[in-house]
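Down below is the structure, laid out as structure tokens.
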Amino acid sequence: MKTKPTLLVLTFFLMASICFAQKDQPLSIIHGKVGISKYHDRDELNQLHKGKLLTLYIERIEVIVKILPNIAFATMPGVTMTNLGIPDTKDHRKALEDQHEATDTYFTNTLEFQNKILPYSDKSNLISAILFYEETLKSLHTYNEFN
């Protein structure tokens, strides 16, 4: 009979320790999905219907919104403040969490707008924008050459 309360208390402490341990994990400068699975050429994009083009466009915007403001720090996820020599203080952590939240809010608002307005765009302009964004993302692979 004492095993049930003991197991319950033990489980509670285990869950509590896991929750607190996760908070101590260093935060990545770049968070969330930050990659695209495939680059396209104009011929491939011309063969796609507009709905798929809208999806590709929005995926590329998300990656750009999450990476470009942070390229002075990192171009890939997994880099933390500690990796960069920035002290992982409460203030710095809060600033990074606020930045992540602001980025998410901005992207959500942009997504709402794009979902309402983007379907009215011309297919050729949409294709040009996707190709431009992809070239921008490809240039991130050579970013380190400028250091």
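The values are calculated or read from the model by the stated rules, or taken from the named source; none is laboratory data. In this text, all values refer to a predicted model and were calculated from it rather than measured experimentally. Backbone-built Cβ (ideal geometry, glycine too); neighbour counts: all protein chains shown. SASA here: full protein model, heavy atoms, side chains in, ligands and nucleic acids out. Shrake-Rupley method; radii C 1.70, N 1.55, O 1.52, S 1.80 Å.
Multiplying the residue separation of Lys94 and Thr3 by 0.36 nm and removing their Cα-Cα distance gives an extension gain of 28.6 nm. Segment Asn46..Thr105, full-extension length gain: 18.0 nm, with 0.36 nm per residue of separation and the alpha-carbon distance subtracted.
Summing +1 for each Lys or Arg and -1 for each Asp or Glu, what net charge is found among the other residues whose Cβ lies under 13 Å from the Cβ of Thr110?
-1
How high is the relative contact order of the chain, in percent, counting Cα pairs under 8 Å that sit 6 or more residues apart? Computed value for the chain: 35 percent relative contact order. Give the angle, between 0 and 90 degrees and rounded to the nearest 10, that separates the Cα long axis of helix 123-139 from the longest principal axis of the Cα atoms of the chain. Relative to the chain, helix 123-139 is tipped by roughly 50 degrees. A dipole drawn for the chain from +1 and -1 charges on Cβ atoms has a positive end, and of Asn125, Thr82, Phe146 the residue lying farthest that way is Thr82. Computed from backbone phi, the HN-Hα couplings of region 103-111 come to 5, 4, 5, 4, 5, 4, 5, 5, 4 Hz, rounded to whole numbers (Karplus: 6.51 cos²θ - 1.76 cosθ + 1.60, θ = phi - 60°; Gly and Pro given as x). The Cα trace of the chain gives Rg and Dmax of 21.2, 72 Å, the first to one decimal, the second as a whole number. Note on the chain: helix-only mean residue ellipticity at 222 nm, from DSSP H runs of 4+ residues weighted -39500 (n - 2.57) and normalised by residue number, equals -20500 deg cm²/dmol. Rounded to the nearest Hz, the phi-derived 3J(HN,Hα) couplings of region 54-66 under the Karplus curve 6.51 cos²θ - 1.76 cosθ + 1.60 (θ = phi - 60°) are 4, 4, 4, 4, 5, 4, 5, 4, 4, 5, 5, 4, 8, where x marks glycine and proline.
Take the chain with all the other protein chains still there, run a 1.4 Å probe, and you get 70 Å² of accessible area per residue. For the chain, the residue among Ile36, Leu56, Thr3 whose Cα projects farthest onto the positive side of the dipole built from Cβ charges is Thr3. Computed from phi, the 3J(HN,Hα) profile of region 77-88 under the Karplus parametrisation 6.51, -1.76, 1.60 (θ = phi - 60°) reads x, x, 7, 10, 4, 4, 4, 8, x, 8, x, 8 Hz, with x in place of Gly and Pro.
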